[in-house]
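Please treat every number below as a calculation from the coordinates, not as lab data. All values reported here derive from a predicted model rather than from experimental measurement. For neighbour counting, all protein chains shown are included, and Cβ atoms are generated from backbone atoms with ideal geometry for every residue, glycine included.
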């Protein structure tokens, strides 16, 4: 008669009553076994034999039986249609607390795992065992293996919080040391089609939100291991639809995924070219899929290396070519404003003059450009993309020398113009700026010659109008004396009316303070403009002494 306790289900061997000595010492192999069990939750006897090839199988069976007798592990033998399945071991709560160094919790032991969890956890452990023992045959080595709890990643998609929890997250390294990552989903045929589509949508949302940035070097691939290739193909088709976008769903988000019906034979992942991808390509090896996922990162690295090499070449040119550095200072004046401002007002003016120059660079200018290029260093050639340093001592020293160089040049320019045009108002103002330890701005320097020529013409016009006005004033004063009557002609002189006429006819420029003489053709010009400033709206009434200043006094 068939035993009803074992027919149609797994035979469960429950943890025995702990032995009389619960504090029995554990050997090193015992702790190693418990460490594997606590990490992977369910490990079969055959998997333990593959993970500990240096330990005889008889010893492993004895150690696992002893751990079971100590109440640290549970075990069961799942149902198998043909033959007998090996024992499957799992840790008890006492074992978890022992490995974590915590006191034993109250509430009793956990119940035996259900067959579905037992099979799924065992399949996941089988994948780990295959990666540890067979990765070398594919030119790979296992670096990181995280199960669902540690591989869980929360992210936000379409304004709502979601969580990606793959069965495992693995990171492998190839012969060159490059890291290759992948999410792993193992399906033993228990998930419905609706659940598979939901999982595909979740991975599509994760890829679309780019939540992997800051967690992984690149978007890991997805390996879907199930019971049959047909089932894997259906999942990949659902994932391809979820990744599609656009009005006609012709475009697809970049995501690498592959699947195969090898859930019960995970070692084939490393020994056979058994994978199929989203584009329908079959016969792919694991390394091909993982490298496809890393390819965008490799292209980005190559592009970054090219940019860095190009930037270094441009930095070298800027350090060695002062003309190129001067052009960069002029083009990026806004981006470098904080750096230049730290040189002080006079230093900032010197840099403005340096950038505005178009002629051959002097030695002082070349040295300033060289030290600035060395000082900015990594901020070149794109100052906007970097944090600017403070100007170094060498820059301050060279800027001081450049200021003196420009002051000498501008003084010489003023002397040449004075020798050509004489002492003019614009030259007097410029000389005052230099005597106050300042520098003329680039616009003033560039237009100084034309302004001097214009002021010379204005001075001639002022002189001509002054002579004409003096003649008119003399005649007007005599007429006033004549109109004063007999007594007035005896007591008044023309000079007595000069002040009155000057106040009535003359104006003073509010900007430059120069006396404005009326036009000889119209002595009553209502709004005469300044001979130099050409502005009629800034004039003021004339309140100077009656004696008009001579030409030399006008420029004291």
(message) Residues of segment 276-293 with backbone nitrogen within less than 20 Å of a virtual label 7 Å along the Cα-to-Cβ line of residue 302, please, listed as ranges.
(response) 287-293
(request) Over the alpha-carbon set of segment 233-381, work out the extent along each principal axis and list the three values in angstrom, largest first. (result) 78, 38, 25
(message) Taking just the alpha-carbon atoms of segment 337-428, what radius of gyration and Dmax come out, in angstrom?
(response) 15.9, 51
(message) Taking 8 Å as the Cα distance limit and 6 or more residues as the minimum spacing, I'd like the relative contact order of the chain as a percentage.
(response) 7
(message) If you fit an axis through the alpha-carbon atoms of helix 115-134 and take the longest principal axis of the Cα set of the chain, what angle between them do you get, 0 to 90°, nearest 10?
(response) 70
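How big is the Rg/Rh ratio for segment 11-113, C-alpha atoms only, Rh by Kirkwood, two decimals?
Numbers: Rg = 13.4 Å, Rh = 14.0 Å.
Rounded to two decimals, Rg/Rh equals 0.95.
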(request) Round to the nearest 10 and give me the degree value, 0 to 90, for the angle of helix 363-376's Cα axis relative to the longest principal axis of the chain. (result) 30
(request) May I ask you to derive the FRET efficiency for residue 540 and residue 321 from their Cβ-Cβ distance with R0 = 51 Å, giving the value to the nearest 0.05? (result) 0.40
(request) Working from Cα positions, state the angle (0 to 90°, nearest 10) between the long axis of helix 393-421 and the longest principal axis of the chain. (result) 30
(request) For each of 201, 455, 158, count neighbouring Cβ atoms within 10 Å of the residue's Cβ, then give the residues from fewest to most. (result) 158, 201, 455
(message) If I model a spin label at residue 348 and residue 150 as a point 7 Å from the Cα along the Cα→Cβ vector, what separation in nanometres do I get?
(response) 5.6
(request) Please list the equivalent ellipsoid semi-axes of segment 424-470, computed as the square roots of five times the alpha-carbon gyration tensor eigenvalues, in descending order and whole angstrom. (result) 27, 12, 5
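Which whole number of Å³ per residue matches the convex hull of the alpha-carbon atoms in segment 153-222?
Dividing the Cα hull volume of segment 153-222 by its residues yields 92 Å³.
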(request) Report the label-to-label distance for residue 100 and residue 503 in nanometres (one decimal), using points 7 Å from each Cα along the Cα→Cβ vector. (result) 10.2
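What are the equivalent ellipsoid semi-axes of segment 130-299, built from the alpha-carbon gyration tensor (square roots of five times its eigenvalues), in whole angstrom, biggest first?
So the equivalent ellipsoid measures 23, 19, 16 Å along its semi-axes.
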(message) Let's test the formula: R0 of 22 Å, r as the Cβ-Cβ distance of residue 190 and residue 137. What FRET efficiency results, to the nearest 0.05?
(response) 0.15
(message) Suppose we keep just the alpha-carbon trace of segment 440-498; what are its Rg and Dmax in angstrom?
(response) 20.6, 64
(message) Cut-off 11 Å, label point 7 angstrom out along Cα-to-Cβ of residue 420: give me the residues of segment 428-455 whose amide nitrogen falls inside.
(response) 448-454
(request) Take 43, 340 and order them by how many other Cβ atoms sit within 10 Å, fewest up front. (result) 340, 43
(request) Would you calculate a helix-derived [θ] at 222 nm for the chain, using -39,500 (n - 2.57) for each DSSP H run of n ≥ 4 and dividing by the full residue count, to the nearest 500? (result) -16000 deg cm²/dmol
(request) Using percent of Cα pairs over 43 Å apart as the read-out, say which of (1) 57; (2) 24; (3) 45 was calculated from these coordinates. (result) (1)
(request) Give me the distance in nm between label points sitting 7 Å out from Cα along the Cα-to-Cβ direction at residue 490 and residue 384, one decimal. (result) 8.9
(request) Report the full-extension gain for the segment residue 173 to residue 32: residue separation times 0.36 nm, less the Cα-Cα distance, to one decimal in nm. (result) 48.3 nm
(request) Give, as ranges by residue number, the residues of segment 374-395 whose backbone N falls under 19 Å from the point 7 Å along Cα→Cβ of residue 309. (result) 381
